[in-house]
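Enquirer: The structure that follows is given in the form of structure tokens.
The values are calculated or read from the model by the stated rules, or taken from the named source; none is laboratory data. Values in this document were obtained by computation on a predicted structure and should not be read as measured data. Here Cβ is always computed from backbone atoms with ideal geometry, including for glycine, and neighbour counts include all displayed protein chains. Side chains are part of the model used for accessible areas, which takes the heavy atoms of the whole protein and leaves out ligands, DNA and RNA. Shrake-Rupley method; radii C 1.70, N 1.55, O 1.52, S 1.80 Å.
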Amino acid sequence: MKIHFLYFLISAIFSFTLSAQINRPQEPKEPFNYIIEDVEFKNNMDSISLAGTLTYPKEGSNFPAVILISGSGPQDRNSDMMNHKPFMVIADFLTNKGIAVLRVDDRGTGASEGNYNATGLDGFVNDTNSAFEFIKTHSAINPAKIGLIGHSLGGVIAPIIASKNQDISFIVLLAGSGIRGDKLMLLQKEIIERKMGVPEAGITQGQNYMKGAYNIILNSNNDDNQLQSDLKDYFNEIFGAMLTDSQIKSLSEQMSMHWLTDFIKFDPKESLSKTKCPVLALNGANDLQVPPKENLEAIEAILLANGNTNTETMTLDDLNHLFQESKTGLPNEYAIIEQTFSPMALDIMFEWIKRQTE
């Protein structure tokens with residue numbers, strides 16, 4: 001999950017200062033020892049075309065495969081952010097280990113059609129289901145061994161799909177949430193602000209302000225115009241002269257985006273309680289956006305309660321929300337860390353997937 005643009009209006013501005021020379025040592029470079037196909041497929045449910053990249057080994061056939069699902073905010077197939085390309089790194093690593101990988105441009109990004117911010121969670125579910133229907137017919141892929149890897153919001157989408165589609169072989173949740181969206185965002189805000197040294201009185205005030213906004217969203221009836229109007233009135237009341245009219249308008253519009261209001265209302269228990277396939281859930285110990293203790297404990301408890309014993313959860317030392325080795329976990333580290341994705345996390349994912357697909 002990205003730090004939302006609305007966050008800086010409420011609490012702090014994160015400044016990313018990059019040197020002229022940005023070093024990304026893990027970014028894969030040619031020549032590649034595997035086949036790369038640029039692909040297009042239809043989401044017939046929503047009448048849009050989606051585009052991505054499928055990679056698979058040059059030698060062999062009937063490969064197990066994974067579909068990568070991005071976090072919040074429109075991202076391209078590489079999940080390119082701050083000159084990091086984590087999905088390219090993951091795809092390169094797994095494909096070199098014999099696992100095919102499909103990564104897709106989000107709606108309205110790259111070569112994919114659609115409007116991301118006008119789409120709810122159901123639309124993102126449809127997109128990944130369409131990717132699954134496409135990849136399972138590919139001649140190089142074993143249709144009985146296809147799984148999903150979702151990061152952050154993608155870790156919410158993956159169980160929704162797996163809970164309804166018994167053909168999903170396994171899912172990997174990278175910083176996936178186990179608690180309702182509004183509770184997660186309040187916890188995220190509190191932990192980041194405390195780590196930044198915000199006074200406790202300010203943290204408490206911010207919690208109260210945002211609880212009010214989330215309650216408006218939780219009680220809304222899917223009327224976009226009414227929700228924006230209600231939020232605008234609320235923010236005018238609590239922020240007054242602290243924010244300009246244009247800032248309040250922008251904040252109200254952002255908090256009314258379909259995917260965000262769906263996420264705020266969504267309780268992962270709805271899907272995790274019906275997910276029967278093998279699940280690996282990983283979080284970084286320094287993840288301040290999806291704190292590991294609260295979320296992994298919830299994920300594990302829900303899955304075990306529904307009888308899913310093929311469940312493994314792990315907290316990985318020093319890793320942040322993007323699975324980089326970090327010092328503080330604060331978002332202002334993301335861009336200056338050279339590592340894109342922890343080799344330890346890559347190895348853990350691969351070894352687990354290998355066991356599920358042998």
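Enquirer: Among the residues of the range 49-87, write down those that are on the phi > 0 side of the Ramachandran plot and open to solvent by 50 Å² or more (accessible area, probe 1.4 Å).
Expert: Listed by number, the residues that qualify are 60, 62, 83.
Enquirer: Would you say residue 95 is crowded, with 22+ Cβ neighbours inside 10 Å, farther than 28 Å from residue 303 by Cβ and not charged (D, E, K, R)?
Expert: Details: crowded, with 22+ Cβ neighbours inside 10 Å: yes; farther than 28 Å from residue 303 by Cβ: yes; not charged (D, E, K, R): yes.
So residue 95 fits the description; yes.
Enquirer: For the range 199-221, which positions are over 11 Å from residue 234 (Cβ atoms), part of a helix (DSSP H, G or I) and of a type in the set (S, T, N, Q)?
Expert: Listed by number, the residues that qualify are 204, 205, 207, 208.
Enquirer: Within the range 326-338, identify whether any single residue is of a type in the set (S, T, N, Q), outside any helix (DSSP H, G or I) and under 17 Å from residue 176 (Cα atoms), and answer yes or no. Quick ask: steps written out before the conclusion?
Expert: The initial filter retains those residues of the range 326-338 that are of a type in the set (S, T, N, Q), namely 326, 328, 332.
With outside any helix (DSSP H, G or I) added as a condition, the list becomes 326, 328.
Pick out the ones that are also under 17 Å from residue 176 (Cα atoms) and you get none.
Scanning the range 326-338, I find no residue that is of a type in the set (S, T, N, Q), outside any helix (DSSP H, G or I) and under 17 Å from residue 176 (Cα atoms), so the answer is no.
Enquirer: I would also like to ask the following. Exactly one condition in (1) open to solvent by 10 Å² or more (accessible area, probe 1.4 Å); (2) more than 28 Å from residue 358 (Cβ to Cβ); (3) among the charged types (D, E, K, R) is false for residue 105; which is it?
Expert: Condition (1) is where residue 105 drops out.
Enquirer: I would also like to ask the following. Do you know which residues across the range 151-168 are surrounded by fewer than 24 Cβ atoms within 10 Å (Cβ to Cβ) and out of contact with any Ser or Thr (no Cβ under 7 Å at 6 or more places or on another chain)?
Expert: Once the filter is applied, which keeps residues that are surrounded by fewer than 24 Cβ atoms within 10 Å (Cβ to Cβ) and out of contact with any Ser or Thr (no Cβ under 7 Å at 6 or more places or on another chain), the range 151-168 yields 164, 165, 166, 167, 168.
Enquirer: Same structure again: Failed condition for residue 264, given (1) in contact with an Asp or Glu (Cβ under 6 Å, 6 or more places away or on another chain); (2) at pLDDT below 95, with all others met?
Expert: (2)
Enquirer: When you go through 46, 122 one by one, which is the residue that is assigned to a helix (DSSP H, G or I), surrounded by fewer than 23 Cβ atoms within 10 Å (Cβ to Cβ) and at pLDDT 95 or above? Let's see the steps before the verdict.
Expert: Working: 46 fails: assigned to a helix (DSSP H, G or I).
It is 122.
Enquirer: Name every residue in the range 260-290 that is assigned to a helix (DSSP H, G or I), of a type outside the set (Val, Ile, Thr) and open to solvent by 10 Å² or more (accessible area, probe 1.4 Å), in order of residue number.
Expert: First pass over the range 260-290, keeping only residues assigned to a helix (DSSP H, G or I): 260-265, 269-272.
With the extra rule that they be of a type outside the set (Val, Ile, Thr), the set shrinks to 260, 262-263, 265, 269-272.
Across the range 260-290, the qualifying residues are 262, 265, 269, 270.
Enquirer: For residue 128, state whether it is under 19 Å from the mean Cα position of the chain (by Cα), more than 22 Å from residue 279 (Cβ to Cβ) and not in a strand (DSSP E or B).
Expert: Here the answer is no, as residue 128 does not meet what is asked.
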